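*Asks:* Attaching a single structure in structure tokens format; questions to follow.
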Amino acid sequence: QAKQHGRNNYQWYTEHLNQEVSERMTLRNELQKAIAGMSFELHYQPQIDTRSGLVIGSEALLRWPHAERGMISPLRFIPVAEDTGQIIPISQWVLDTACRHNRQLLDRGLARGAISVNISAVHFLRSNFIETVRRALDSSGLPANLLELEITESVLLKNAERAIYLLHELKKIGVGLALDDFGTGYSSLSYLKDLPIDKVKIDRSFVQELISDPRDAAITQGIISMAHHLDLKVVAEGVETPEQAAFLERNQCDAFQGFLYARPMPFAELEGYLQRQAALAMAGH
Ligand code: C2E
Ligand code: MG
Ligand code: MG
Ligand code: MG
């Protein structure tokens, strides 16, 4: 009985693995076509200042509209693109496009803070990353302070010394730096004091259970307090309910990002959203 059970498990496992491998190969081939035509899109999700309710920036989120399969989640295809190196041309395109878009907003009087771009550790740790950022700023004409880069602790786990050096170089250029998905990595807290970053983003997994689980509430309060003592701003990800927002506001979280305020939207919609925001701000809200 146990033996048979074991074999079934094994069978299930190998079938599952084969499926996973062939799915990744399909994705890889289709990604190649998508890269050739650069058929990706950037959607933008505003970040809202807790106190004023005004937009203080927006995060660029990559979208891959697939002819047969609809939108494929970046959580699905980015790991594949990282393994194959395809992430480099994609990430380059994201950086260039986000800079161009924010420059466009600036020219129309609609820029509200920085556009944040998620940077894969694979791209970040490449030899010419700093040059890549400089070129994106130069060719778009976007002031450095209107670009923010989001990195995760994974860059520190791969090569902490180089990551810290790169962050200092980026700081010299003047771009904003945020640590994404904070609290979910496995690196030690002691590195935080050595990072020239501006901001931490509390991971959605803590925000989700904020109201129902006192442990998540405690962790969130701890992150906010520690970050503030280190002179860092705190943004909460994935805010979906007014109760979560109220908790974060009471606990001095600086900004929110989440479906409660706005879902990620195409660039054309962001322009309209920012226009309405500007009108609200004028009316004194
Ligand atoms: P992330 O950087 O932590 O981005 C936040 C994710 O949370 C986004 O998912 C966003 O749509 C989602 N989100 C925001 N508010 C809410 C909410 O209230 N509820 C829920 N349930 N979700 C919310 P998305 O767009 O699917 O992106 C997933 C991840 O893929 C990102 O996590 C980031 O790690 C990665 N990613 C996205 N775009 C890029 C990119 O251009 N380059 C790289 N390297 N990674 C990217
Ligand atoms: Mg992010
Ligand atoms: Mg995040
Ligand atoms: Mg996340």
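Any read-out appearing in this document is the output of simple, stated calculations on the displayed coordinates, not a laboratory observation. Values in this document were obtained by computation on a predicted structure and should not be read as measured data. As a convention, Cβ positions derive from the backbone with ideal geometry for all residues, glycine included, and neighbour counts pool all protein chains shown.
*Asks:* Starting from the Cα-Cα distance between Asn128 and Gln19, subtract it from 0.36 nm times their residue separation and give me the gain in nm to one decimal.
*Replies:* Full extension of this stretch gives 35.6 nm more.
*Asks:* Once R0 is set to 35 Å, what does the formula 1/(1 + (r/R0)^6) return for the Cβ-Cβ distance between Ala268 and Ser187, expressed as a FRET efficiency to the nearest 0.05?
*Replies:* The formula returns an efficiency of 0.35 here.
*Asks:* Now a separate question. Just want to confirm a number: the relative contact order over segment 60-138, from Cα pairs under 8 angstrom separated by 6+ residues, in percent.
*Replies:* Value for segment 60-138: 33 percent.
*Asks:* For segment 176-227, which chymotrypsin sites (Phe, Trp or Tyr not before Pro) are both in a DSSP coil and crowded by at most 13 other Cβ atoms within 10 Å?
*Replies:* Passing sites in segment 176-227 are Tyr186.
*Asks:* Hey, another quick one. Could you pull out the pairs from Lys171/Lys201; Lys158/Lys193; Lys158/Lys201; Lys33/Lys233; Lys158/Lys199 whose alpha carbons sit more than 30 Å apart here?
*Replies:* Violating the 30 Å Cα-Cα cut-off are Lys33/Lys233.
*Asks:* Something else now. How many nm is it between the label spots at Arg250 and Leu106, if each spot is 7 Å from the Cα in line with the beta carbon?
*Replies:* That separation, rounded to one decimal, is 4.1 nm.
*Asks:* Just Ala60, Ala268, Ala114 to compare: in a GNM of the chain, with alpha carbon springs under 10 Å, which one fluctuates most?
*Replies:* In the Gaussian network model the winner is Ala268.
*Asks:* For the modelled label position 7 Å from the Cα of Ala67 along Cα-to-Cβ, which residues of segment 21-46 have backbone nitrogen atoms closer than 14 Å?
*Replies:* Hits in segment 21-46 for Ala67 at 14 Å: 30-39.
*Asks:* Right, something else. Enumerate by residue number the GluC sites (Glu not before Pro) in segment 43-147 meeting two conditions: DSSP loop (anything except H, G, I, E, B), and at most 15 other Cβ atoms within 10 Å of the site's Cβ.
*Replies:* Listed in order of number, the matching sites are Glu68.
*Asks:* Under 12 Å from a point 7 Å along the Cα-to-Cβ line of Leu75: which residues of segment 139-180 have their amide N that close?
*Replies:* none
*Asks:* Using a simple charge model, +1 on the beta-carbon of Lys and Arg, -1 on the beta-carbon of Asp and Glu, nothing else, what dipole does segment 79-163 show about its Cα centre, in debye to the nearest 20?
*Replies:* 260
*Asks:* How large are Rg and Dmax for segment 138-246 when calculated on the C-alpha trace, in angstrom?
*Replies:* Rg, Dmax (Cα atoms, Å): 15.1, 48.
*Asks:* Oh, and also: Using 7 Å Cα-to-Cβ label points, what is the Lys172/Ala217 separation (nm, one decimal)?
*Replies:* 4.7
*Asks:* Over segment 1-135, what relative contact order in percent results from Cα pairs under 8 Å that are six or more residues apart?
*Replies:* 22
*Asks:* What is the set of long-range amide H partners of Ala114 at a cut-off below 5 Å, with H atoms built 1.01 Å from backbone N?
*Replies:* Distant-sequence amide H within range of Ala114: Ser58.
*Asks:* Then there's this: Can you tell me what share of the DSSP beta bridges in segment 1-149 is antiparallel? A percent to the nearest 5 is fine.
*Replies:* Looking only at bridges with both residues in segment 1-149, the antiparallel portion is about 60 percent.
*Asks:* Just the Kirkwood number for the chain, please: inverse of mean 1/r across all distinct Cα pairs, in Å, one decimal.
*Replies:* Evaluated over the chain, this radius sits at 20.4 Å.
*Asks:* With an 8 Å cut-off on Cα pairs and a minimum separation of 6 or more residues, tell me the relative contact order of the chain in percent.
*Replies:* 18
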